[in-house]
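What follows is a short report on a single structure.
The values are calculated or read from the model by the stated rules, or taken from the named source; none is laboratory data. Treat the numbers as computed from the prediction; the structure is a model and nothing was measured. As a convention, Cβ positions derive from the backbone with ideal geometry for all residues, glycine included, and neighbour counts pool all protein chains shown. For accessibility, only protein heavy atoms count, side chains too; no ligands or nucleic acids. Shrake-Rupley method; radii C 1.70, N 1.55, O 1.52, S 1.80 Å.
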Amino acid sequence: MSYQIQLLADGQTFTANDEQTVIDAALDACVALPLGCRAGVCGACKGKVVSGEFDLAGYGEAVLSAAEREAGFTLLCRTRARSDLVLDVPKAERDANKPQKMPARISRLERLSEDVMRVDLQLPASETFDFRAGQYIDISIGDGEHRSFSIANPPERKGIIELHIRLVPGGKFTQHVFSDMKARDILRIKGPLGNFYLREDSDRPIVLVGGGTGFAPLKSIIEHAIHIGLKRPIALYWGARNPAGFYMRELTQSWQSGLSGFRYIPVVSDTRPDDGWTGRRGMVHEAVRADYADLSQHEVYACGAPPMIEAARNAFMRERALPEDAFFSDAFSFASAPPVKD
Ligand code: FES
């Protein structure tokens with residue numbers, strides 16, 4: 001059974017079937033909607049159902065309160081239509097996401113660490129692919145499935161998409177990346193996606209928090225900030241299980257030595273007496289909480305696994321006075337059900 005979904009602001013319509021979430025149906029139709037994690041944990045896709053019936057399942061209470069549900073709000077990434085719907089979603093948020101589908105050729109494969117591969121994609125010369133620093137793309141892997149990966153290069157590097165792909169044991173796509181993928185292979189991509197991007201109209205100091213390959217979109221943000229001459233202080237907190245997880249060391253060192261107002265704090269979570277690590281230890285969001293008594297004047301961008309994002313959101317907002325509209329997150333999971341960054 002199919003239903004018509006209409007956007008109140010401009011009357012744009014698309015079709016969704018019983019099985020699809022509203023977000024997936026919109027992406028299939030290349031209709032822009034606000035979105036982030038597609039896992040019900042970031043709240044980026046919040047919108048209001050003006051009319052119609054729908055099911056909503058599998059989301060975090062912290063991002064959609066009972067009062068908001070009562071008022072007709074929903075998370076579009078966890079919503080399935082049960083009748084035709086009319087939606088009210090913020091136009092400004094939609095403008096960040098004008099997804100396109102296109103082929104992309106692999107131009108570079110480089111092992112960044114034992115379990116992280118850099119994959120550069122060359123885009124067709126005939127296509128214009130504009131994105132904002134921090135956004136991500138979907139790669140189609142067949143049978144209607146996709147995998148999502150953050151773009152690691154800044155928007156100014158035109159025609160290329162740089163990805164940092166972590167090997168997931170048993171992961172259908174990432175096993176392929178590490179074993180069979182070759183330069184010149186063709187992938188089908190969709191993007192740009194996500195409302196996780198640098199807000200350039202703010203003057204707040206920036207705190208970036210990344211776990212593992214959550215470094216990738218933060219790298220894009222930093223390189224873009226350098227390109228536009230952003231003067232706001234930037235602190236990068238990067239969490240990894242062990243010291244080997246901090247790949248691209250020369251780059252982070254160059255930021256430390258050459259970028260005024262920049263601080264870099266790598267944080268190791270798995271303590272091993274023989275790893276030689278003399279830096280910070282523990283959970284990466286805990287390091288931020290320890291360093292900042294008050295985040296009320298800051299802006300935080302966090303990218304990593306959903307538990308880290310949830311913990312950071314709670315700690316920063318409840319205990320460090322970070323305003324809700326100053327917390328931006330890109331939560332990815334490595335599960336077998338979409339959305340995944342496998
Ligand atoms: S909660 Fe829907 S995109 Fe994150």
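Only one of these conditions is not met by residue 264: (1) touching a residue at least 40 places away in the same chain (Cβ under 8 Å); (2) surrounded by 17 or more Cβ atoms within 10 Å (Cβ to Cβ). Which number is it?
Status for residue 264: all satisfied but (1).
Taking residue 217, is it within 16 Å of the ligand (Cβ to nearest atom), open to solvent by less than 10 Å² (accessible area, probe 1.4 Å) and modelled with pLDDT of 95 or more? Working first, answer last.
On the way: within 16 Å of the ligand (Cβ to nearest atom): yes; open to solvent by less than 10 Å² (accessible area, probe 1.4 Å): yes; modelled with pLDDT of 95 or more: yes.
The answer is yes for residue 217.
Restricting attention to the stretch 28-53, and to residues there that are open to solvent by 10 Å² or more (accessible area, probe 1.4 Å) and not in a loop (DSSP other than H, G, I, E, B), which single residue is nearest to the ligand (Cβ to nearest atom)?
Filtering first and then ranking leaves 46.
Which is touching a Leu at 6+ places or on another chain (Cβ under 6 Å) and open to solvent by less than 60 Å² (accessible area, probe 1.4 Å), of 56, 64? Write out each step before concluding.
Working: 56 fails: touching a Leu at 6+ places or on another chain (Cβ under 6 Å).
Among 56, 64, only 64 is touching a Leu at 6+ places or on another chain (Cβ under 6 Å) and open to solvent by less than 60 Å² (accessible area, probe 1.4 Å).
Has the stretch 11-22 got any residue that is on the phi < 0 side of the Ramachandran plot and either part of a helix (DSSP H, G or I) or within 13 Å of the ligand (Cβ to nearest atom) (or both)?
Pass one, the stretch 11-22, residues on the phi < 0 side of the Ramachandran plot: 12-22.
Now drop any that are not either part of a helix (DSSP H, G or I) or within 13 Å of the ligand (Cβ to nearest atom) (or both), which leaves 21-22.
Checking the stretch 11-22: at least one residue is on the phi < 0 side of the Ramachandran plot and either part of a helix (DSSP H, G or I) or within 13 Å of the ligand (Cβ to nearest atom) (or both).
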